[in-house]
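**Student:** My questions will all concern the structure given below.
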Amino acid sequence: MTTFANTSAPASTTGLLHNRWFQLLIGLICMMAISSPQYVWTLFTKPLSTKLGVPLSQLQITFSMLIVLQTFFAPFQGRLIERFGARRLISIGTLLSGLSWMLASQASSIGMLYLTYGLIGGLGTGIVYIGVVGQMVRWFPDRRGFAVGMVAAGYGMGAILTTFPIASALAGQGLESTLWQFGLVFALVGVIASQALRSPDPALKRAAPLHAQQTTGTDLAPRQMLRNPLFWLMFCMMTMMSTSGLMVTSQMASFSRDFGVASVLVFGLAALPLALTIDRLTNGLTRPFFGWISDRVGRENTMFFAFALEAVAMTLWLLTRENAVLFVLLSGVVFFGWGEIFSLFPSTLTDTFGTQHATANYGWLYISQGIGSILGGPMAALMHEKTGSWHPVFATAITLDIIAALLALLVLKPWRRRYLADTATIK
């Protein structure tokens, strides 16, 4: 029997709160409220390193902790959400996310930064991310890729609103004041928005168009899914793409300074914050765009094109690294080829293993993001420190992109086709 989060009255109740497009909007706002800890982290690396007196590789452990704790506890968080309800858990998550910045503003040692920004922030953002994605794959059985892409866009684009204000606040008010004030705002926005969350009626799945039902596999619980090789193939592919994207996300401020373009004026603005703002835009737009495309041309075909696009863009980025204008523009293309993993993989997973345990199942897949943060964060920084060059780091990321693109088309596509055909026969 299908179980859904006990967050409210049944979705069949009339009213704005039970309109799935309104729920999509609320999910988008909740995601935006937790996006800055990951996507503006690179702005904090220099002032934090100066304040705490630690090298970049040691400081980047904070970023990895944020992503690891956001992801490694995701299966457990998914189970909690399915048991106690999305509204309650997501409220707690947004509160913890904002509180992590407020507490980090008082950190006087690297250990305290790990505990506040890394541990508390990671747990908070993880609850929200998993919970909102789990809601959307259920609310939109017929537009799964688009809906997940939209809320994932909130996570990718939310920092557009905060990148320049935070950069300005750091310059004018200092590190501590910036973390405290923005953390309070994030907590308030997230907690207020999450009160409007509702869960769909189980009848919504039965009312889905026939083509949506036919392309969704039999519902599997996590323990069953984890025994299926298809899951582990998706897990490896998402790890590869996460490593590449998180290397850029966490190290961009550092390698832009080494390339000599960080402070160069482009269109009247400093290249680094301008690139970060454009990146947030393209990183957000790619999620609903490629999600929408994948609803029409297939998940694996879309993966191949998007992953290959990032590989090409990163290659050109490295080759033209001293050109500030191209640095800004190509950074946007790089993120446009990466951010779609957060719509394509959860949609593909739910298409394959059903909606009943969608939140908990995606929690297991989302662990790959944590592994990617370790490889793309401190490991990439350590590779740079040992070699004295960013070339090996970029070469590794580009290679992973290419392998993931080929796996999508040559391995994942035929495997999934056979699996869905077999489950359809069993049904």
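The values are calculated or read from the model by the stated rules, or taken from the named source; none is laboratory data. Since we're looking at a predicted model, the values are computed, not measured. Glycine gets a Cβ as well: all are built from the backbone with ideal geometry, and neighbour counts include every protein chain shown. Calculation scope for accessible area: heavy atoms of the full protein, side chains included, ligands and nucleic acids excluded. Shrake-Rupley method; radii C 1.70, N 1.55, O 1.52, S 1.80 Å.
**Student:** Over the range 314-379, with every protein chain in place, what whole percent of the accessible area is carbon and sulfur at 1.4 Å, could you tell me?
**Tutor:** C and S fraction of accessible area: 75 percent.
**Student:** So how do Arg296, Arg321 rank on accessible area, 1.4 Å probe, biggest first, that is with the largest at the start? Before the final figure, lay out each step's value.
**Tutor:** Values: Arg296 150, Arg321 65 Å².
Result, largest first: Arg296, Arg321.
**Student:** Something else: What is the helix-to-structure angle for 391-407, meaning the angle in degrees between its Cα long axis and the longest Cα principal axis of the chain, kept from 0 to 90 and rounded to the nearest 10?
**Tutor:** In the chain, helix 391-407 runs at an angle near 10 degrees to the longest axis.
**Student:** Could you identify which residue out of Ala275, Ala159, Ala395 has the top mean-square fluctuation in a GNM of the chain using Cα springs shorter than 10 Å?
**Tutor:** Among Ala275, Ala159, Ala395, the largest mean-square fluctuation in the Gaussian network model of the chain belongs to Ala395.
**Student:** Starting at the first residue of the range 305-322, write each ³J(HN,Hα) from the Karplus equation 6.51 cos²θ - 1.76 cosθ + 1.60 with θ = phi - 60°, in whole Hz, x for Gly and Pro.
**Tutor:** 5, 5, 5, 5, 4, 5, 4, 5, 5, 5, 5, 5, 4, 5, 5, 10, 4, 8
**Student:** Another question, if that's okay. Could you tally the net charge around Gln251, taking each other residue with its Cβ under 11 Å from the Cβ of Gln251, Lys/Arg +1 and Asp/Glu -1?
**Tutor:** For residues surrounding Gln251, the net value is 0.
**Student:** Compute a Gaussian network model of the chain, connecting alpha carbons closer than 10 Å, and tell me which residue from Leu265, Leu406, Leu24 fluctuates the most.
**Tutor:** Top of the fluctuation ranking is Leu265.
**Student:** Let me ask something else. Leaving ligands, DNA and RNA out of it, rank Met237, Met65, Met383 by accessible area with a 1.4 Å probe, largest first.
**Tutor:** Met383, Met65, Met237
**Student:** For the range 271-318 and the range 41-92, compute the distance between their C-alpha centroids and round to whole Å.
**Tutor:** Distance between centres, Cα-based: 24 Å.
**Student:** How much mean residue ellipticity at 222 nm does the chain get from its helices, if each DSSP H run of length 4 or more adds -39500 (n - 2.57) and you divide by all residues, to the nearest 500 deg cm²/dmol? If you can, show how the numbers build up before the last one.
**Tutor:** Values: 24 runs with 320 residues, N = 427.
When only DSSP H runs of four or more count, the value is -24000 deg cm²/dmol.
**Student:** So if I take the alpha carbon set of the range 1-152, get Rg, then get Rh from the Kirkwood formula, what is the Rg over Rh ratio?
**Tutor:** Radius of gyration over Kirkwood radius for the range 1-152 works out to 1.05.
**Student:** Okay, next question. Compute the helix-to-body angle for 56-72: its Cα long axis versus the longest principal axis of the chain, expressed 0 to 90° and rounded to tens.
**Tutor:** Between the helix axis and the principal axis of the chain, the angle is about 10 degrees.
**Student:** Return one number: the angle in degrees, 0 to 90 and rounded to the nearest 10, between the long axis of the Cα atoms of helix 378-387 and the longest principal axis of the Cα atoms of the chain.
**Tutor:** Roughly 40 degrees between the two axes.
**Student:** Can I ask one more? Net charge near Ala360: determine it from the other residues with C-beta under 14 Å of the C-beta of Ala360, scoring Lys and Arg +1 and Asp and Glu -1. Present the calculation step by step, with values, prior to reporting the outcome.
**Tutor:** Working: positive: Arg79, Arg83, Arg138, Arg223; negative: Glu82, Asp219.
Net local charge, Ala360 excluded: +2.
**Student:** Out of residues 5 or more away from Gly85 or on other chains, whose amide H comes under 5 Å of its own, with H placed 1.01 Å from N in the peptide plane?
**Tutor:** For Gly85, the qualifying residues are Asn6.
**Student:** Springs between alpha-carbon atoms under 10 Å, Gaussian network over the chain: tell me which of Ala308, Ala171, Ala221 tops the mean-square fluctuations.
**Tutor:** Of the options given, Ala171 has the highest mean-square fluctuation.
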